[in-house]
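The values are calculated or read from the model by the stated rules, or taken from the named source; none is laboratory data. Small disclaimer: the values here were computed from a predicted structure and weren't measured. Reconstructed Cβ throughout: ideal geometry from the backbone, glycine too, with neighbour counts over all protein chains shown. Ligands, DNA and RNA are excluded from the accessible area calculation, which covers all protein heavy atoms including side chains. Shrake-Rupley method; radii C 1.70, N 1.55, O 1.52, S 1.80 Å.
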Amino acid sequence: MTPTASPQVSGAFDDIVRSDSSLRRFLHGLPGVDQVGCEARAAGLATRSIKTTAKAYAIDLAIRMVDLTTLEGQDTHGKVRALASKAMRPDPADPSCPATAAVCVYPDMVATAKEVLGDSGVHVAAVATAFPSGRAAMDIKLADTRDAVEAGADEIDMVIDRGAFLSGRYLDVHDEIAQVREACARPDGTSAHLKVIFETGELQTYDNVRRASWLAMMAGADFIKTSTGKVQPAATLPVTLVMLEAVRDFRDQTGRMIGVKPAGGIRTTKDAIKYLVMVNEICGADWLDPDWFRFGASTLLNDLLMQRTKMTTGRYSGPDYFTLD
Amino acid sequence: MSNPFEYAPAPESRAIVDVKPSYGLFIDGEFVDGTGTAFKTVNPATEEVLAEVAEASDADVDAAVKAARRAHTRVWSRMSGAERAKYLYRIARIIQERGRELAVLESIDNGKPIKESRDVDVPIVAAHFFYYAGWADKLQYSGFGTTPLGVAGQVIPWNFPLLMLAWKIAPALACGNTVVLKPAETTPLTALLFAEICQQADLPPGVVNIVTGAGDTGRAIVSHPDVDKVAFTGSTEVGKAIARAVAGSDKKVTLELGGKAANIVFDDAPLDQAVEGIVNGIFFNQGHVCCAGSRLLVQESVADEVMDRLKRRMATLRVGDPLDKNTDVGAINSAEQLAKIRELSAIGEAEGAERWSAPCDLPANGYWFAPTVFTGVSQAHRIAREEIFGPVLSVLTFRTPSEAVEKANNTPFGLSAGVWTDKGSLILSMANRLRAGVVWANTFNKFDPTSPFGGYKESGYGREGGRHGLEDYLKGTSVKGADS
């Protein structure tokens, strides 16, 4: 992914984001989501059968889309170095195995990750803005973001203020995203990519997910992301479906492409492929690219590697044949 | 950019089903040769001949009715409801056990995608037998009496061969009737496999008789003097002929005929799901559905947006090998039906409607028709009035709920309708005003054995499914409760 120039948010939504009430009117005027129909559609797409060449392609694509993640209180520099090494060479036994898209860490680990990754092409993503709860003063959230960007983060994963969203203070959420967007700017005029995390498990309804998606896109998000991984349910197929529909509709209206990142709970190749099928059928092949779709995951990678080895050798290997991190 | 993410074919194996080179008639618990001229049944996806099937002559039909009469008087009507229920439960269980076999056979004989035959048809078939098994010993609570009519002559269509068989046979047997059933001439194979299942379930001989053949065989059943009840699902044209044939006799009749259902999308509808519902409404089973949502009525203010979304969605429909589990739309059932769909589509164009077909590669052999939508259609167009019975959608617009109701009801049919809106009160008021046997709200083409199904006007009379489905198989004092 090439770093974008400073925020290219046009003035297209100026009228809408003028006030809380105009923003509310717009968001509540979006087509609703019928829960039963949405879940049925996601379930239907999950039954597509992906085999042989399509499966081999999907596995490599999924590996290239992984944001290999460690977001634990117990994270250490050693752990992050190991993870970063793995991101560059997921399968040491097979040089043809692609690298992951990024490693995703807390801001204080960005420098360490950057040091290992160098110019390998694997990005460093940092969660910021008082992740995962988002409950901190605005200046602290912005400082958190700037720290991460200064330390070399290529991508910032911010959380929205779910409290503000659920109480209908949409404009606050919008402005917060827009401010974090500005905090992603670098002195050289480029900007870190901004991923906006909704924590869909807390937003609860699909209508809320669609509204949050539009809100974030209008505020300048480069990516919209389901979850922190700290709240259940995290990413689900129907939630991701609604977000994919939102980015598809947003491109229709504005010409701008926004990425989607489901995160949390995606552990198996089978699951990952279901997501790719959904991307393919809802948004089309344009989105089948690490620039536009990512998996936030820590355990998914090894299952992808195991399935990849099975595809090339015809045999399953045990977990001991793959590195822990 | 071409899409590298092409799904690999994932065809279901045909090995699970043993298609015999020729089939006889199933009369009195045995397979016997027919005395008519045998005919061939073909796989509509490949035009390959699957088997030769016997044609039942008048004499064969007479033998079947006699067998059914014997079984009725000597065994089946005398059996307690609980005993009959055991047979129905047993049949339901065998259908589940042999579900894959039934689904594969249905797909190769009918052309429908395996994901529909396996995930929709067969499970609902089993559910019907389970459901009516539950009624067999509780008929005194039905409100329709407990006395069976006798011998039921049943004629079913080719669009849901097994499902229509279940809708006909399960309630008839539960009530103590015996049956002579004729499957459609293009799709007889699963009914003959069902005959084997009856044998496997040790169903007393003569309770179920399956006679194959075309129109003449059907006429012989309908006009047979010893048939007490005629049940028919099929075209309105044939339905009218049946109604004329039995007029004046004391035969009880139910008819499930054609439809031209309105699928009504309001501007506040959940649009993405509405688009799914439109697709499911008309492209499910290649549009070979009597209750298909073949007339889309969309509110003018969202018409363009809905059409854009619909076309984009239609472009992702996968048309092809019915046995591939990735297939969304299968083959048209017969050359005749394909010709009829082509003819009506040509008329639509000639009348000035704008035609758009999903871009897709159709297989070289077999009978195929790309999912198609006509816009700019008005009530005066033939494609808005006649049942096409194929994957062809006509789109009309409306401005107010009243206009939607008027247009929806302005049809000789009245089988089903769909309403898409986020507003609950609108759903209820529309459901009250639409003259259709079924009104689906924010969904379409959903079937359940507990829910009665049937139409108004030229869509027929009588109800199948649910408690109401018992009514036309029982004689006795009809106790009308508040809910009947």
If A:D271 meets every condition in (1) open to solvent by 20 Å² or more (accessible area, probe 1.4 Å); (2) closer than 22 Å to A:M158 by Cα apart from one, which number is that one?
(2)
Scanning the stretch B:14-50 for residues that are open to solvent by 70 Å² or more (accessible area, probe 1.4 Å) and in contact (Cβ under 8 Å) with a residue 60 or more places away in the chain, which turns out farthest from B:E336 (Cα to Cα)?
B:E30
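Identify, from the list A:R251, A:R294, A:R308, A:R267, the residue that is touching a Lys or Arg at 6+ places or on another chain (Cβ under 8 Å) and either farther than 21 Å from B:E276 by Cβ or modelled with pLDDT of 95 or more (or both). Before the answer, list the steps.
Details: A:R251 fails: touching a Lys or Arg at 6+ places or on another chain (Cβ under 8 Å); A:R308 fails: touching a Lys or Arg at 6+ places or on another chain (Cβ under 8 Å); A:R267 fails: touching a Lys or Arg at 6+ places or on another chain (Cβ under 8 Å).
Just a single option satisfies the conditions, and that option is A:R294.
With respect to A:M257, determine if the residue is within 14 Å of another protein chain (Cβ to nearest Cβ), assigned to a loop (DSSP other than H, G, I, E, B) and not hydroxyl-bearing (S, T, Y).
Against the criterion (within 14 Å of another protein chain (Cβ to nearest Cβ), assigned to a loop (DSSP other than H, G, I, E, B) and not hydroxyl-bearing (S, T, Y)), A:M257 qualifies.
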When only residues in the stretch B:111-142 that are in contact with a helix residue (DSSP H, G or I) (Cβ under 6 Å, 6 or more places away or on another chain) and among the small types (G, A, S) count, which is nearest to B:G258 (Cα to Cα)?
B:S117
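Which of the residues that make up the stretch A:87-108 are assigned to a helix (DSSP H, G or I) and open to solvent by 10 Å² or more (accessible area, probe 1.4 Å)?
Taking the stretch A:87-108 first, the residues assigned to a helix (DSSP H, G or I) are A:87-88, A:107-108.
Answer for the stretch A:87-108, where residues must be assigned to a helix (DSSP H, G or I) and open to solvent by 10 Å² or more (accessible area, probe 1.4 Å): A:M88, A:P107, A:D108.
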Would it be correct to say that A:V17 is away from chain B (no Cβ under 14 Å) and in contact (Cβ under 8 Å) with a residue 60 or more places away in the chain?
yes
Top-ranked residue of the stretch B:454-478 - restricted to ones that are within 18 Å of the chain's Cα centre (by Cα) and assigned to a loop (DSSP other than H, G, I, E, B), ranked as farthest from the other protein chains (Cβ to nearest Cβ)
B:G462
If B:G145 passes every condition in (1) within 25 Å of B:V253 (Cβ to Cβ); (2) in contact (Cβ under 8 Å) with a residue 60 or more places away in the chain; (3) touching a helix residue (DSSP H, G or I) at 6+ places or on another chain (Cβ under 6 Å) but one, which one does it miss?
(3)
Matching residues in the stretch A:116-125 (open to solvent by 20 Å² or more (accessible area, probe 1.4 Å), touching a residue at least 12 places away in the same chain (Cβ under 8 Å) and not small (G, A, S)) number 2
Within the set of pairs 6+ apart or on separate chains, which have a first residue in the stretch B:54-71 that is closer than 14 Å to B:D33 by Cα, a second that is assigned to a helix (DSSP H, G or I) and open to solvent by 10 Å² or more (accessible area, probe 1.4 Å), and C-beta atoms under 7 Å apart?
B:D58/B:A220; B:V61/B:A220
Pair list, Cβ under 9 Å, 6 or more apart: the stretch B:206-217 residue touching a residue at least 60 places away in the same chain (Cβ under 8 Å) and more than 14 Å from B:D58 (Cα to Cα), other residue of a type in the set (D, E, K, R) and assigned to a loop (DSSP other than H, G, I, E, B)
B:G206/B:D28; B:N209/B:D28
Of the listed residues (B:A67, B:A10), the one being within 14 Å of chain A (Cβ to nearest Cβ) and open to solvent by less than 60 Å² (accessible area, probe 1.4 Å) is B:A10
Please verify whether A:K261 is crowded, with 22+ Cβ neighbours inside 10 Å and within 19 Å of A:A148 (Cβ to Cβ), treating the condition exactly as stated.
yes
Looking at the stretch B:226-264 only, could you name the residues that are open to solvent by 10 Å² or more (accessible area, probe 1.4 Å) and among the basic types (K, R)?
B:K240, B:R244, B:K251, B:K252
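May I ask you to verify whether B:K311 is open to solvent by 20 Å² or more (accessible area, probe 1.4 Å), modelled with pLDDT under 95 and within 14 Å of chain A (Cβ to nearest Cβ)?
Values: open to solvent by 20 Å² or more (accessible area, probe 1.4 Å): yes; modelled with pLDDT under 95: no; within 14 Å of chain A (Cβ to nearest Cβ): yes.
No, not satisfied.
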Which of the residues that make up the stretch A:26-81 are farther than 30 Å from A:P95 by Cα, open to solvent by 50 Å² or more (accessible area, probe 1.4 Å) and within 14 Å of chain B (Cβ to nearest Cβ)?
A:H28, A:G29, A:Q35, A:V36, A:E39, A:A40, A:A43, A:T47
When you scan the stretch A:174-195, do you find a residue that is under 28 Å from B:A274 (Cα atoms) and open to solvent by less than 10 Å² (accessible area, probe 1.4 Å), even just one?
no
Which pairs have Cβ atoms under 8 Å, sit 6 or more apart or on different chains, and link a residue in the stretch A:57-80 that is assigned to a loop (DSSP other than H, G, I, E, B) to one that is open to solvent by 20 Å² or more (accessible area, probe 1.4 Å) and of a type in the set (S, T, Y)?
A:T70/A:S298; A:L71/A:Y106; A:D75/A:Y106
Can you tell me which residue within the stretch A:292-313, out of those that are part of a loop (DSSP other than H, G, I, E, B) and open to solvent by 50 Å² or more (accessible area, probe 1.4 Å), is nearest to the other protein chains (Cβ to nearest Cβ)?
A:W292
Subset of the stretch B:111-168 (residues that are charged (D, E, K, R) and more than 14 Å from chain A (Cβ to nearest Cβ)):
B:K112, B:D121, B:D137, B:K138, B:K168
By residue number, the members of the stretch B:354-381 that are touching a helix residue (DSSP H, G or I) at 6+ places or on another chain (Cβ under 8 Å) and not in a strand (DSSP E or B) are B:A358, B:Y367, B:W368, B:F369, B:P371, B:V377, B:S378, B:Q379, B:H381
Within the stretch B:211-234, identify whether any single residue is touching a Phe, Trp or Tyr at 6+ places or on another chain (Cβ under 6 Å) and more than 14 Å from every other protein chain (Cβ to nearest Cβ), and answer yes or no.
no
Within the stretch B:409-426, the count of residues that are out of contact with any Gly (no Cβ under 7 Å at 6 or more places or on another chain), open to solvent by 10 Å² or more (accessible area, probe 1.4 Å), under 18 Å from B:C291 (Cβ atoms) and of a type outside the set (S, T, N, Q) comes to 1
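B:Q299: in contact with a strand residue (DSSP E or B) (Cβ under 8 Å, 6 or more places away or on another chain), under 30 Å from B:S22 (Cβ atoms) and in contact (Cβ under 8 Å) with a residue 60 or more places away in the chain, yes or no? Explain how you work it out, then say what you get.
Numbers: in contact with a strand residue (DSSP E or B) (Cβ under 8 Å, 6 or more places away or on another chain): yes; under 30 Å from B:S22 (Cβ atoms): no; in contact (Cβ under 8 Å) with a residue 60 or more places away in the chain: yes.
The answer is no for B:Q299.
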Any residue at all in the stretch B:433-453 that's away from chain A (no Cβ under 14 Å), farther than 26 Å from B:G143 by Cα and without any contact (Cβ under 8 Å) to a residue 60 or more places away in the chain?
yes
If I filter the stretch B:105-113 for residues that are modelled with pLDDT of 95 or more and open to solvent by 10 Å² or more (accessible area, probe 1.4 Å), do I get at least one hit?
no
Given the options A:A128, A:A143, name the one that is under 15 Å from A:E182 (Cα atoms), buried (at least 22 other Cβ atoms within 10 Å of the Cβ) and of a type in the set (G, A, S).
A:A128
